[in-house]
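Please read the structure below before turning to the comments.
A short reminder: the numbers here are calculations on the coordinates, not readings from a lab. All values reported here derive from a predicted model rather than from experimental measurement. Because the Cβ atoms are built from the backbone with ideal geometry, glycine has one as well, and the counts that use them run over all protein chains shown.
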Amino acid sequence: MSEKLLFTKEHEWVLVKGDVVRVGITDYAQEELGDVVYVDLPEVGDRVEEGEGFVVVESVKAVADVYAPVSGEVISVNEELDESPELVNESPFDRGWIAEIKVEGVAQTGDLMSKQEYEEFLKGV
Amino acid sequence: MRYIPLTQTEREEMLAVLGLESVEELFAEIPREMVLTDDLPLPDALSEAELIEHFRQLAAKNKDLTSVVSFMGAGAYDHLIPSAISHLVGREFLTAYTPYQAEISQGVLQTIFEYQTLIAELTGMEASNASMYDGATALAEAALMSCAVTRRDKVVLPATLHPEWREVVDLYLGSQAVEIIDLPIDTATGTLDLSGVGDIPWEEVACAVVQQPNFFGNLEQIEPVRDLVKEAKGLFVMAVDPISLGLLKSPGELGADIVVGDGQSLGNAMAFGGPSFGFFATSGRNLIRRMPGRIAGQTVDTEGRRGFVLTLQAREQHIRREKATSNICTNQALNALTASIYLSLLGKQGFLDVGRQCLQKAHYFKNRLLEIDGLSAPFSAPSFREFVIEGDVDWNGINEKLLEQGFLGGLPLDRFGYPNWVLFSVTEARTKEEMDRFTNLLRGLIT
Amino acid sequence: MTAKQVVPLIFERSSPGRRGYRLPDLDVPEVAVEELIPAEFLREEPPELPEVSELDVVRHYTQLSRLNYAIDVGFYPLGSCTMKYNPRVHEDLASMPGFANLHPYQPEESVQGALQLMYELGEYLAAISGLSETTLQPAAGAHGELTGLMVIKAYHEYQGEGHRNEIIVPDSAHGTNPATTAMVGYKVVEVPSDERGGVNVEELRKLVGPNTAGLMLTNPNTLGLFDENITEIAKIVHDVGGLLYYDGANANAILGIVRPGDMGFDVVHYNLHKTFSTPHGGGGPGAGPIVVSKELAPFLPEPVVRKDGDRYYFHKPEHTIGRMKSFYGHFLVCLRAYAYIRSHGPSGLREVSETAVLHANYMMRRLQEAYELPYDRICMHEFVLSGVRQKEMGVKTLDIAKRLLDYGYHAPTVYFPLNVDEAIMIEPTETESKATLDEFIEVMLTIAREAEENPELVLNAPSKTPVTRLDESRAARQPVLRWQKEA
């Protein structure tokens, strides 16, 4: 199945694999937050609406909501973050992934940015 | 002015740097029509000597408990306070601020860490925050936290809770439209009437609260309420008297999820009701991260030395703003420090002795009072250092007469809607001679 | 402060069987505990409290106290916190048994002096604010905010306007304003600042409406600037039926100069621990009384103190919201504020604010050469610099703050308000001498030079403090919140 890596203006990355999207925060986002100390994960089975804050990432001096890029059901969360929240800093695109949402039907990702578009977007931030 | 060191010459030097002629020009941006032209209507300044004399005169209009023997409790208690406390809290704790710069606040931070340990130890819980305003607000915050954690909006409150605490909780919960479900009192035992608990929709309940000992001094059977609320995945909240925790089973042992209480009796003056402090303790990672208020934690510095910082701050208002767990900023640092010093001085054995003496003396006094014709004990439940006496007499009038004789009697509970009941409190500070003398006086006034 | 040292925890000084305080012997016949309280209620293992001597305790807390910075130790320019000198006579007054040793439920006749003090303090605060009636019950500034918004909410509901559910808060506001708004179940509506640092009036006009319950504002605001448009702002909010809440955090700038009531505010809280010089105690207790307009007075929490002839008594306001905490508030904190007002009198209070404002402007102008001044206009009792010039050299505001510790000062408030990058907020207060201000200015200028010439010095600060920088990430990732006995 083909995979597609997309980005949001809230500095989340979205990896689309069919009707499942995996969500994390970008390198830029983790850099801005500083040392991540806790990730308040949703529960598997939670229903989320597109645009809803469904995860909270805490650093020592800041806190960021992670917004659901699509509507659907949380089917898996990265439990490793419970013990090792620093993975979000060390490996934001890989071991620091946060949650997976199963979309009803096909994920509507038209509003999301490609890697190139996101890099352009960052220049303007 | 006494506390303003600026001289006229210095004022002129500063104005010269600013290129101004007068201090008034600094206020030029304030719309003219609202700038005051007259002095505020306040009394003229007093010198230090005049101020002290004025306060002496005010104090003379009060009858304080240095010359009056008190049997009044109901949330403020006349315990012995070791002398060393005031000398220590008056040092470089008094005029420090919240420990924002940890490197030069290790004293404050370490005392908070020690305080958290002491509270955790007393309550049998895993963690405590750095303290809250008082017991009543701590309970209100516990109820709100329960609603946030469970995402439910019903709270079960006991009728045997201190009535003022109840008012505070009502107000806090009312503004968030939380529904309150009452557990009534069984007036035979002086504890909760649990006959109706089966009708409560427990699966919608965020938390159930029990006060132990309750407002009337009696010990509650907490297990039925605890089991019902916890089975339905709600939280069990206990409001406790810290002085009882040497003797009584710890809330941690009893399965409490959140424990709160008022710390006045741990070395703090009664102070006409404040300031004291509230304690707030909980267990489990999920709940600890949802606690309101400041928390100190242990860490290391760049050279590996142990040190302490404020931690888990992402919960707090200065970071999370409208999504904070509470709007509280401060803790009652000096009052909590007082409690830490008190508990350190009393120590493991001394603290037990305070609890035992309260219990023994309260028991003795209760029996003496019951020797008086016309007085009875309305409740059958065991009690700790407070108890209710019933008598169909004018308790407020009697208290006025007792006060003339140097005694502050028990608290007539008519003010809370319970005529004929009086709540007495006995601490380790009372002597047998005082209790005997009071009994004789009261007998004379009643018969 | 002393050289680097780690003070052991009180628990680490413990030795089994040692006692620090002796109780009088029990003088009533002793009954077995189990006869009084059934065994099922009793604790088997007593709490592990320290077992130490009185001298152990005195040394322990004395040593810890010496690791603290305090107003008594040195200059404390912490913006928005008003760290002025706390007169020692207040401590003597607060410890007089005639005040410290009163039970809150004593008959009113036996506490007339205490009630008189509370009543008169309420009157003084009403005079200073230009409003009508006071409650001393709120325990702190944030608690005052909560009380004030609950009063506003109760007022709207009484007027049949219970649908109002929005509080407008400036983007420069202290975090308590939005947090309090959420606590009373209201929605936060943020209004941006204009280019002069005040409320953007045009934006405000768009944000108000039939759901506006009120606006929370400090004036001078958190940038230390007086909002010249306050009359217009008040009119905009009042015209749609909203009320104005004055956050008194910055009241030290305006005592006897302008009153919040005259600016159009309906509710005011004062931080007695800031403006009226009660000691901060390492984080508390403070006190946050509120004063309200005549229309709002019936909604105040119970009880308030009233006077009838020479007699003072507790009174339950007609439409009271209820009770914000046990008893009557932080009486002994209020007592110190009362003493402060009586020591100053009307001209003294005015001089407090005039001097505080003069000091702030003087420092601002002298520091302007080395630090960015984002809002270049007259400030009130405090001002906000930005460390952006230094940041370009790789030195952040946090580093500047830490370097100040090495020079023996407390740092200013940093990274607040949020609408200024690398914010450095300085509040000198009126009780410091010009010599102290000049010394601090020199140090700030020196640090700016160091940032250019020798940034490592600043980046590695502090090095002269009892501990060096602490690992906050570790503290938050693996929280250790209590001492544990080693197994």
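Centre-to-centre separation between the Cα atoms of region C:195-242 and those of region B:32-65: 35 Å.
Each Lys or Arg adds one and each Asp or Glu subtracts one; over the other residues with Cβ under 15 Å from the Cβ of residue C:391, this totals -4. Gain on full extension, evaluated as 0.36 nm per residue between residue B:447 and residue B:80 minus their Cα-Cα distance, stands at 128.8 nm. Mean residue ellipticity, 222 nm, helices only, the protein assembly as shown: the sum of -39500 (n - 2.57) across DSSP H runs of n ≥ 4, divided by residue count and rounded to 500, is -10000 deg cm²/dmol. Legend: mean number of C-beta atoms from other chains within 10 angstrom of residue C-beta atoms, peptide B:69-80, equals 3. Averaged over the residues of peptide C:225-234, the number of Cβ atoms from other protein chains lying within 10 Å of each residue's Cβ is 2. Remark: chain B is approximated by an ellipsoid whose semi-axes, taken from the C-alpha gyration tensor as √(5λ), come to 41, 32, 23 Å, largest first.
Only the Cβ atoms of Lys and Arg (+1) and of Asp and Glu (-1) were treated as charged; on that basis the dipole of chain B about its Cα centre amounts to roughly 1520 debye. Listed by number, the DSSP H helices of chain C that run 24 Å or longer by alpha-carbon position along their axis and have mean Kyte hydropathy of at least -1.0 are C:112-129, C:141-158, C:331-367, C:434-453. Checking every one of the trypsin sites (Lys or Arg not before Pro) in region B:126-175 against DSSP loop status and a limit of 14 other Cβ atoms within 10 Å picks out B:151. Radius of gyration over Kirkwood radius for region B:84-341, both on Cα atoms: the Rg/Rh ratio is 0.98. Looking at the square roots a ≥ b ≥ c of the eigenvalues of the Cα gyration tensor of region B:73-144, which shape do they give, rounded for a/c under 1.5, prolate if a/b is larger than b/c, or oblate? Taking the square roots of the gyration eigenvalues as a ≥ b ≥ c, region B:73-144 is oblate. Could you tell me the distance between the Cα centroids of region B:87-110 and region C:253-322, to the nearest Å? Taking the Cα centre of region C:253-322 as reference, the centre of region B:87-110 is 29 Å away. Value of Rg to Rh for chain C, rounded to two decimals, is 1.01; Kirkwood radius and Rg both from alpha-carbon coordinates.
If you run the Gaussian network model on chain B, springs between alpha carbon atoms under 10 Å, then out of B:331, B:268, B:420 the most flexible one is B:420. Axis angle, to the nearest 10 degrees, between helix B:395-404 and the longest C-alpha principal axis of chain B: 60 degrees. For region C:402-469, trypsin sites (Lys or Arg not before Pro) meeting the loop criterion (DSSP other than H, G, I, E, B) and having at most 16 other Cβ atoms within 10 Å: C:464.
Positive contributions from Lys and Arg (+1) and negative ones from Asp and Glu (-1), summed over other residues with Cβ under 12 Å from the Cβ of residue B:22, come out at -4.
Legend: translational diffusion of the protein assembly as shown by Stokes-Einstein, Rh = Kirkwood radius over C-alpha pairs, 4 °C, 1.567 mPa s; D = 43 µm²/s. Direction-averaged projected area, Cα convex hull, region C:349-473: 8.4 nm², rounded to one decimal. Mean 1/r over all different Cα pairs, inverted: what Kirkwood radius does chain A give, in Å? Result for chain A stands at 14.4 Å. Among the trypsin sites (Lys or Arg not before Pro) in region B:238-311, those located in a DSSP loop and surrounded by at most 16 other Cβ atoms within 10 Å of their own Cβ are B:305. Note on B:337-344: average number of Cβ atoms from other chains within 10 Å of each residue's Cβ is 5. Taking 0.692 mPa s as the viscosity and 37 °C as the temperature, the Stokes-Einstein diffusion coefficient of region C:1-116 based on its alpha-carbon Kirkwood radius rounds to 163 µm²/s.
Rg of the Cα atoms in region B:221-361, relative to 2.2 N^0.38 Å, amounts to 1.22.
Protection proxy ranking for C:163-176, B:406-419, B:367-380, using the average of other Cβ atoms within 10 Å per residue and placing the highest first: C:163-176, B:406-419, B:367-380.
Length, then width, then depth: along the principal axes, the Cα atoms of region C:41-200 run 60, 47, 46 Å. Inter-label distance, residue C:464 to residue A:3: 5.5 nm, where each label sits 7 Å from its Cα along the C-beta direction. Charge tally for residue C:303 (other residues, Cβ to Cβ under 10 Å; Lys, Arg +1; Asp, Glu -1): +2.
For region C:89-344, the Cα gyration tensor yields ellipsoid semi-axes of 32, 20, 15 Å (square root of five times each eigenvalue, largest first, whole Å). Taking the C-alpha atoms only, the angle from helix B:432-446 to the longest principal axis of chain B is near 70 degrees.
With angles folded into 0 to 90 degrees, how steeply does helix B:48-60 sit against the dominant principal axis of chain B? Use alpha carbons for both and round to 10. The answer is roughly 20 degrees. Give me the percent of Cα-Cα pairs in region C:10-65 that sit more than 12 Å apart, rounded to a whole number. Value for region C:10-65 (Cα pairs over 12 Å): 76 percent. In a Gaussian network model over chain B where Cα atoms closer than 10 Å are linked, find which of B:299, B:160, B:431 has the largest mean-square fluctuation. Maximum fluctuation in the GNM of chain B, among the listed residues, is at B:299. Distance between the C-alpha centers of region C:43-84 and region C:369-445? Whole Å please. Between the Cα centre of region C:43-84 and that of region C:369-445, the gap is 28 Å.
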